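Worksheet: the structure to be examined is printed underneath.
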Amino acid sequence: MIRILLAEDQGMVRQGLKLMVETDVELKVTGEASNGKEAVTLCEKQHFDVIILDIRMPEMNGLEAARIIHSRWPDRKVLMLTTFNDDEYALEALKSGASGYMLKDAEPHELIKAIRSCLAGGLSLQDQVAAKVMPRLIKQQTGSQEVDPSITPRELDIIRRIGEGRSNKEISEELSLSVGTIKNHISIILDKLELRDRTQIAIYAIRHNVV
């Protein structure tokens, strides 16, 4: 069973999302919160595999909650789910450690796919969100676009695929390496580039024209 925490301040919307998520028999909403503060508190008491956060919530918004959750429990995946197709929100969500950014008008199968992509180590952006965010990331390039010279060709292959949104399993299949080997390479890449997580690797790939 994959345990989901769902944080949404509108009760009816939260129940609708719960029904959508649980159309997949392996996904179970085991925690519900009406704001970011409650979500963080629940994370202190229970283990969740994926935390789905609305952005605008009272007391503590989803972005602040994402930052806290990612810093305290980096192994837990955060998926932002919102009505706002706004590139500023999306960029801030990625900086906060979110592994995905989806809109509430997404179809049930799209939401489930995003959850599974996050769990597999991928970066999930809804198409209309990605269309806004990617150009912004590219425009933020500063200075030299050259990749760090310490990065090996194999590591560059992995960086490229992370930038394309591939999961560890997909990368392992494409490169004919074990998932464990891919994870080891990613740890080395994070250390070399002084990055925090694979989301930052994806952003690095885009900024340095690796993708």
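Descriptive notes on the structure:
- Portion, in percent, of the accessible area of the chain that falls on carbon or sulfur, probe 1.4 Å: 50 percent
- Student exercise, the stretch 42-130 dipole from Lys, Arg, Asp, Glu Cβ charges, in Debye to nearest 20: 380 debye
- Taking a Cβ cut-off of under 10 Å around Lys192, the surrounding Lys, Arg, Asp and Glu residues balance to a net charge of -4, with basic ones at +1 and acidic ones at -1.
- Solvent-accessible area per residue for the chain (1.4 angstrom probe, square angstrom): 48 Å²
- Put a plus charge on the Cβ of each Lys and Arg, a minus charge on the Cβ of each Asp and Glu, and nothing anywhere else: the dipole of the stretch 1-86 about its Cα centre is then about 180 debye.
- Prolate/oblate/rounded label for the stretch 51-116 (Cα gyration tensor, a/c 1.5): oblate
- Computed about its Cα centre, the charge dipole of the chain is approximately 300 debye, with only Lys, Arg, Asp and Glu carrying charge at their Cβ.
- Projected label distance in nm at Trp73 and Gln46, using a 7 Å step from Cα toward the beta-carbon: 1.0 nm
- When the pairs Lys28/Lys113; Lys45/Lys169; Lys37/Lys113; Lys169/Lys192; Lys45/Lys104 are compared against a 19 Å limit on Cα-Cα distance, Lys45/Lys169; Lys37/Lys113; Lys169/Lys192; Lys45/Lys104 fall above it.
- Calculated percent of Cα pairs over 25 Å apart (choose from [x] 43; [y] 37; [z] 31), label: [y]
- Cα gyration tensor, the stretch 157-211 - rounded (a/c under 1.5), prolate or oblate: oblate
- For the chain, averaging the sequence separation of C-alpha pairs within contact (under 8 Å, six or more residues apart) and dividing by the residue count gives a relative contact order of 16 percent.
The values are calculated or read from the model by the stated rules, or taken from the named source; none is laboratory data. Here the structure is a predicted model, which means the values were calculated and not measured. Note that we place each Cβ from the backbone using ideal geometry, even for glycine, and neighbour counts take in every protein chain shown. Ligands, DNA and RNA are stripped out before the accessible areas are found, and what is left, the full protein with its side chains, is counted by its heavy atoms. Shrake-Rupley method; radii C 1.70, N 1.55, O 1.52, S 1.80 Å.
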